[in-house]
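First up is the structure itself, then whatever we jot down about it.
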Amino acid sequence: MPPDAPPLPALLSAALVAFTVEVDNAFEQRLPHRTTSLDAGAERGAVWLTSLAMWFNCVRGLSDGGPQTVAELERRVRMGTNLDGMRRWGYITVDGTGRVPRRPGGAGKPHARPGTVLALTDRGRGADAVWRPLPGVIEARWRDRLGAATVERLREGLVLVAGQIEAALPDFMPIALGYDTLPEPPARDPAERARDRELPLVSLLSRVLLRFELDCDRGERVWLAVWSDVIRVLDPSNAVAVGDLPALTGVSKEALSVITARLQKAGVVVLEPRPAPARGKQLRLTPDRGVRARAAVQRRIERTVHAWEQTYGCTAVAELHAALRAVAGDGTRDGSPLFAGLRPPANGWRAQLAPPRLLPWHPLVWHRGGYPDGS
């Protein structure tokens, strides 16, 4: 591969984020909803608009099995969700009401016990009906736009690796900044592994990327996610204006703010005022911990790819990489075929933002709505 080509996890991320954004744009056009925009055009009782992640980690699990406890839902979808958010946004009820109970003493965030019963509202069931066919709709669009053979090659490359993954991974990236503390999932049974070909393309992308991240980050303090979406664009000698980071990384300023705070605390970056006459702040790597962290994660990516070649086969890994390159290109607006499907509807909320220059090198699925770029 060219030395400046995005690494394997960045290509997986580009495809996953682009697919999710296309689903989200279609969902926004098909469902009455509320947003902060006065032009949302929906009745007062509509649900608050959220991303595909919230269907995978909450709505789908409840629609498939009816009312369930928190523990049952998490076991079914294999990840947690933002229960208070989904309640406030109109998708679910909690113990038959629209309120999540407070922790004992009334302090802290709302807390749902494992035995708390969850159920979809009528509006939640309506959202499920809109969400459910969209992964198939967008995959069909990809086949029309990118070529059936190109998409089928990607699907086969993903199945070749995903089919060998022993862990029972969720069907979408969980809400988190990094997954180093996620316990190793249990092994799945052979019958489930035989159904990998039936998974939506977005779920295959998620499972393979999550497996890579778990292998790359286990026991590490600097995660692949923060390297991909912040550290890699920084340098100790040349500071980057904080206002330029969204364009350089493809990640929202809100998510970047959270990452920056954590990296500051770890001594990896320095946040400082920009020299006059410029205004605002700038970010730079520290010459010790920052430089070491950047190099260490790059080495971990290389080691993980090599380990995958031993585990899944050199041919399987090379074929997956080549298939992703054909679909994602270099992940930039000028060099990626994926951008042809990312123009938002004129009345969509993304149309109010500056067009992105590139897709994130790692998805940032946030509790604020599950959008893959932290929006």
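For the reader, a short list of remarks on this structure follows.
- Leu182, sole failed condition from (1) in contact with a helix residue (DSSP H, G or I) (Cβ under 8 Å, 6 or more places away or on another chain); (2) over 22 Å from Arg368 (Cα atoms); (3) in a loop (DSSP other than H, G, I, E, B): (2)
Each row is one residue, and each column tells you yes or no for (1) buried (at least 20 other Cβ atoms within 10 Å of the Cβ); (2) among the hydrophobic types (A, V, I, L, M, F, W, C).
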| site | (1), (2) |
| --- | --- |
| Val159 | no, yes |
| Ala162 | yes, yes |
| Glu166 | no, no |
| Met173 | yes, yes |
| Ala187 | no, yes |
| Arg193 | no, no |
| Leu204 | yes, yes |
| Ile231 | yes, yes |
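- Glu166 vs. criteria out of contact with any strand residue (DSSP E or B) (no Cβ under 7 Å at 6 or more places or on another chain) and within 25 Å of Cys314 (Cα to Cα): no
- Among the criteria (1) in contact with a strand residue (DSSP E or B) (Cβ under 9 Å, 6 or more places away or on another chain); (2) free of Cβ contacts under 8 Å to residues at least 40 places away in the same chain; (3) part of a helix (DSSP H, G or I), the one Arg123 does not fulfil is (2).
- Residue identified as surrounded by fewer than 16 Cβ atoms within 10 Å (Cβ to Cβ) and either in contact with a Lys or Arg (Cβ under 7 Å, 6 or more places away or on another chain) or modelled with pLDDT under 90 (or both) among Gly219, Gly147, Gly178: Gly219
- In region 185-199, the qualifying residues are those that are in a loop (DSSP other than H, G, I, E, B) and more than 24 Å from Leu83 (Cβ to Cβ), and the one that is modelled with the lowest pLDDT is Ala194.
- Of all residues making up region 10-33, the number that are assigned to a helix (DSSP H, G or I) and over 16 Å from the mean Cα position of the chain (by Cα): 5
- Residues in region 342-370 that are touching a Leu at 6+ places or on another chain (Cβ under 9 Å), surrounded by fewer than 17 Cβ atoms within 10 Å (Cβ to Cβ) and not charged (D, E, K, R): Pro355 only.
- Applying the condition of being in a helix (DSSP H, G or I) and touching a Lys or Arg at 6+ places or on another chain (Cβ under 6 Å) to region 233-259 and asking which residue is surrounded by the fewest Cβ atoms within 10 Å (Cβ to Cβ) yields Ala247.
Per-residue answers, yes or no, for (1) in contact with a His (Cβ under 9 Å, 6 or more places away or on another chain); (2) buried (at least 17 other Cβ atoms within 10 Å of the Cβ); (3) modelled with pLDDT of 95 or more; (4) more than 21 Å from Ser206 (Cβ to Cβ):
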position	(1), (2), (3), (4)
Ala15	no, yes, yes, no
Ala18	no, yes, yes, no
Phe27	yes, yes, yes, no
Thr36	no, no, no, yes
Glu43	no, no, no, yes
Val47	yes, yes, no, yes
Ala53	no, yes, yes, no
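- Unique residue being farther than 23 Å from Arg333 by Cβ and part of a loop (DSSP other than H, G, I, E, B) when the list is Ala307, Ala276: Ala276
Residues checked against (1) out of contact with any Asp or Glu (no Cβ under 8 Å at 6 or more places or on another chain); (2) in a loop (DSSP other than H, G, I, E, B); (3) basic (Lys, Arg); (4) at pLDDT 95 or above:
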residue	(1), (2), (3), (4)
Arg300	no, no, yes, yes
Leu320	yes, no, no, yes
Arg325	yes, no, yes, yes
Phe339	yes, no, no, yes
Ala346	yes, yes, no, no
Pro360	no, yes, no, yes
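- Qualifying residue in region 262-284 (condition: at pLDDT below 95, surrounded by fewer than 17 Cβ atoms within 10 Å (Cβ to Cβ) and among the polar types (S, T, N, Q)): yes
- Among the residues listed as Gln282, Gln264, the single one being part of a helix (DSSP H, G or I) and not hydroxyl-bearing (Ser, Thr, Tyr): Gln264
- Check on Arg207, at pLDDT 95 or above, charged (D, E, K, R), closer than 30 Å to Asp84 by Cβ and in a helix (DSSP H, G or I): yes
The values are calculated or read from the model by the stated rules, or taken from the named source; none is laboratory data. Keep in mind it's a predicted model, so treat the numbers as computed, not measured. Because the Cβ atoms are built from the backbone with ideal geometry, glycine has one as well, and the counts that use them run over all protein chains shown.
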